[in-house]
Amino acid sequence: MPLDPARLIVAELAANAAVHGRVPGRSFRLGLTVTAPAALRIEVSDPRGDQLPAQVRATAGADPAESGHGLLLVGELADRWGVRTGPVPCKTVWAELDLGR
């Protein structure tokens with residue numbers, strides 16, 4: 001398994017959830033899954049579905065220079081990544097690494 005990219009992606013997504021997805025009394029959830037046809041899927045869910053990462057935020061006028069730099073790293077390391085909203089009020093940021101690379 002590609003350990004170094006996976007460790008960096010987990011660290012970045014978990015840090016983002018702890019800093020930006022924090023709600024008092026609630027934490028984030030980390031999931032690691034091997035999917036077909038041989039990819040490692042990393043998912044971090046937090047209770048702030050109203051706080052989407054800058055790259056997917058639909059708000060006009062958002063300044064990407066203010067945040068989202070860590071997700072540039074995720075985008076470079078992962079083969080695919082994205083955000084899934086729900087169940088309300090949560091969101092999940094996910095990334096996949098192909099295992100054969």
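Here's a check for you: in region 34-51, which residue that is outside any strand (DSSP E or B) and touching a residue at least 12 places away in the same chain (Cβ under 8 Å) is farthest from Pro5 (Cα to Cα)?
Taking region 34-51 and keeping what is outside any strand (DSSP E or B), we get 36-38, 47-51.
After this cut, where a residue has to be touching a residue at least 12 places away in the same chain (Cβ under 8 Å) as well, the list is 38, 47-51.
Working: Ala38: 16, Pro47: 25, Arg48: 25, Gly49: 26, Asp50: 28, Gln51: 25 Å.
Top of the filtered list is Asp50.
Step by step: first the residues of region 61-78, then only those that are assigned to a loop (DSSP other than H, G, I, E, B) and at pLDDT below 95, then the one that is surrounded by the fewest Cβ atoms within 10 Å (Cβ to Cβ). Which residue is that?
Our first condition is that a residue be assigned to a loop (DSSP other than H, G, I, E, B); within region 61-78, this holds for 61-63, 67-68, 78.
Of the ones still in play, those that are also at pLDDT below 95 are 61-63, 67-68.
On the way: Gly61: 4, Ala62: 14, Asp63: 8, Ser67: 16, Gly68: 18.
In this case the residue turns out to be Gly61.
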Exercise. Please work out which one of (1) in contact with a helix residue (DSSP H, G or I) (Cβ under 9 Å, 6 or more places away or on another chain); (2) buried (at least 17 other Cβ atoms within 10 Å of the Cβ) is the condition Ala17 fails and give its number.
Key: (1)
Quiz prompt | Condition met for Ala58 (farther than 22 Å from Gly31 by Cα and either modelled with pLDDT under 75 or surrounded by 13 or more Cβ atoms within 10 Å (Cβ to Cβ) (or both)) | solution = yes
Quiz prompt | Those residues of region 1-22 which are modelled with pLDDT of 90 or more and hydrophobic (A, V, I, L, M, F, W, C), in sequence order | solution = Ala6, Leu8, Ile9, Val10, Ala11, Leu13, Ala14, Ala15, Ala17, Ala18, Val19
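Is it the case that Leu30 is surrounded by 12 or more Cβ atoms within 10 Å (Cβ to Cβ), assigned to a strand (DSSP E or B) and modelled with pLDDT of 95 or more? Give the steps one after another, and end with the answer.
Values: surrounded by 12 or more Cβ atoms within 10 Å (Cβ to Cβ): yes; assigned to a strand (DSSP E or B): yes; modelled with pLDDT of 95 or more: yes.
So Leu30 fits the description; yes.
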Quiz item: Which residues, counting only those in region 75-100, are acidic (Asp, Glu) and in contact with a strand residue (DSSP E or B) (Cβ under 6 Å, 6 or more places away or on another chain)?
Solution: Asp79, Glu96, Asp98
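The values are calculated or read from the model by the stated rules, or taken from the named source; none is laboratory data. Model, not experiment: these values are computed from the prediction. As a convention, Cβ positions derive from the backbone with ideal geometry for all residues, glycine included, and neighbour counts pool all protein chains shown.
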